[in-house]
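Everything on this sheet refers to the single structure shown next.
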Amino acid sequence: MIIKALPGTAPLNKAVWQKVNKRLLAKSLAELMHEQVAQPVILSSESDGRTHFQLTTDHALIHYTYSGYRRQLDYWHIDPDSIQRHENGRSTAAIDAPLFFVELQNTFGIRPFNLAHYLEELMHTLYADAYLHTEGRLQAGALAQADYQTVEHQMDGHPWVIVNKSRLGFNYEDYIRYAPEARQPVQLWWIAAHKSRSAFRSLDHIQQSSFFERELGAATIQEFYAIIGSYDEDPADYTFIPVHPWQWQNKLLMQYAADISSRLIIPLGIAGDSYLPQQSIRTFYNISQPQKHYVKTAISILSTGNIRGLSPKQMAIAPRVTSWVMKMLQQDIYLQQLGLVLLGEVATVSYSHPYYHAIVDPPYQYKEFLGVLWRESAELYLQPGERIITMASLLYVDDDKNSLVAELAKSAGLSIEDWLLAYLQAYLKPLLQIYYQHALCVTPHGENIILVLKDNVPVRIIIKDFVDDIVLTEEAKESLPKDLAEGMIASSNKENVPLFILLGVFDAFFRYLSNVLHSYSGYHENRFWQLVAAVILEYQSAHPSLAWKFEKYNLFVPEFKRFYINSVRLLGNAYEEKTSFAIPRKGGTLQNPLAVIKQQALVAS
């Protein structure tokens, strides 16, 4: 008798499991200290700044100790190997991240309901981390030469979110088919949706029939028409929707059974090009024909804080918002000179569920089961000699503690400082122009920005996924049609400070990048922030007509509010049903690194 091994255990090597637990513990401590949840006692400090902490738990005879280095924005670089668990006077390496949260439940103030849900997300994330390490993380030097999709699938997930790869709803087979790090090609499943329930929307110049013919090919379209005709239905009464295989099997088949039985939805089959899932899990990159559209599908799993369906309200306005933003871009000579690209969300299909859409304010996910969005491919905008990488990759540090940024600079023949200056010119200046000239707030974190490199030097940026992430200021609302403005997120910023930059860039990305540079590349974080200040001042001096806005929305304010992301899940009501996406909380203050630099410049003068 031959006994077959159970699937999925390969990543659960003891050494790997302990390693990823230590890494996630270090991240948890850093983020929970940043969000003022963990408040350890400082035991001592060394001359090089290394600080030793003790953190008490719910149990008198159990505590943790660890060491780290203080960074700007109240961030600590925690050494994973320093974390020790002490029980009854006996010290051991801390290698159990879930146990840490269990032992600090009351100290942190976590309700049992929240803790159970959070641990489920934590253990899924740990499994994904172990999978990544088992498959093999690339050396930074190799990654510096890798193609767009290789880089994409080496990413560790959102740096701010502790449980950044939970994907609740996936079983193991789903995980190895659809997780980005699994790197498995996927064909989408297609359905025909009756036009009485569905709506195709697109940019004005796009015709529905020709759009689908380009996406699928004439032969496949004819096969689809034949299937529809076999049900004695008229193909002219239907539009097509590609769906995620997981979504069909886990949601659509059951939840839309009535519409399938009445032929308002007709299953067509698996067809078309092959795709790879991206970091955002529900967006697919076309590997058969890379210049064709990205496809964004609904997938009702819990990932990075929310269930990842597609909002019908946003699907309804996405092409029109794209038109509005593209017009803004085309009329802005400065943005044209910088080579900024905003990937248009050119077509959508939304489908109204007969029951859930009749309910006033149901939990948001019940209206977001079925829809699709097509986004332009970044490949369309590349010039000869250019290539692209996700900006999230700039935080990559390999297992030998080599940073990707240092390897990119080395391969480009530049010092780290010169490389960073090129990066800041390419990244910051377009964001400043979008904010100060056009009063728009996008979400410019690492996963939403594509860096365009030439000879491994950043030359410009491409912004994706901007339509459903635009936050409208009062000024921007005035230039938008009312129905578009109502479909977007309204800014809650009452303090007249540019939180879009201070939170979305400084805290959400530069906090990590400056630490990577300081800790792994020998480039002092203070010098990084001086470069940031210099690029901002250079932009401001080139735009004197906006001086009043620079003063009103001052990037050099002494402090700005913290963003609480992890603590909302731990301490709030994040696991209860809601009528809309969970929104992180603002509060407390952070010292602005630019204010210190400005003060030092004044003293020096």
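Miscellaneous remarks
- Computed from the C-beta positions of HIS86 and THR9 and an R0 of 45 Å, the FRET efficiency is 0.90 to the nearest 0.05.
- Label reach from GLN249 (point 7 Å along Cα→C-beta): in the stretch 269-308, amide nitrogens under 16 Å belong to 269-271, 277, 299-301.
- Cut-off 17 Å, label 7 Å out along Cα→Cβ of THR134, residues of the stretch 1-42 by amide N: 4-22
- Distance between the modelled labels on TYR172 and THR579, one decimal in nanometres: 4.3 nm (7 Å Cα→Cβ projection).
- Scattering profile of the stretch 185-379 at q = 0.08, 0.16, 0.17 Å⁻¹ [log10 I(q)/I(0), Debye over alpha-carbon scatterers]: -0.27, -1.06, -1.20
- Set LYS313/LYS367; LYS561/LYS586; LYS195/LYS578 screened for pairs whose C-alpha atoms are more than 18 Å apart: LYS195/LYS578
- The peptide list 95-108, 442-455, put in order of mean Cβ contacts within 10 Å with the highest first, becomes 442-455, 95-108.
- Projected label distance in nm at SER323 and GLU559, using a 7 Å step from Cα toward the beta-carbon: 4.7
- Counting Lys and Arg as +1 and Asp and Glu as -1 over every other residue whose Cβ lies under 12 Å from the Cβ of LEU122, the net charge comes to -1.
- Convex hull volume of the stretch 388-555 per residue (C-alpha atoms, cubic angstrom): 119
- Check: the chain dipole with +1 on Lys, Arg Cβ and -1 on Asp, Glu Cβ, in debye: 540
- Each pair of Cα atoms in the stretch 1-157 enters the Kirkwood radius, and Stokes-Einstein at 37 °C and 0.692 mPa s then converts it into a translational diffusion coefficient of 187 µm²/s.
- For the pair ASP237 and GLN39, a Förster radius of 35 Å applied to the C-beta separation gives a FRET efficiency near 0.05, rounded to the nearest 0.05.
- Rounded FRET efficiency, nearest 0.05, which uses the C-beta distance separating ARG263 from VAL360 and R0 of 35 Å: 0.75
- Leading residue at positive end of dipole, the chain (Cβ point charges), from THR297, LEU115, ILE317: LEU115
- Calculated SAXS-style log₁₀ I(q)/I(0) at q = 0.06, 0.12 Å⁻¹ - the chain, Debye, Cα scatterers: -0.33, -1.37
- Around ASN21: net Lys/Arg minus Asp/Glu count, Cβ-Cβ under 10 Å: +1
- Mean Kyte hydropathy of -1.0 or more with a Cα span along the axis of at least 20 Å, helices from DSSP in the chain: 14-34, 112-135, 312-330, 416-438, 525-541
- With the simple model of a label 7 Å out from the Cα in the direction of the Cβ, ASP400 to ASP204 spans 5.7 nm.
- Summed residue charge, Cβ within 13 Å of LEU424's Cβ, Lys/Arg positive, Asp/Glu negative: 0
Where a number appears in this text, it was derived from the coordinates with a stated rule and is not lab data. Nothing here was measured: the structure is a model prediction, and the numbers come from that model. FYI the Cβ positions are ideal-geometry reconstructions off the backbone, even for glycines, and counts take in every protein chain you see.
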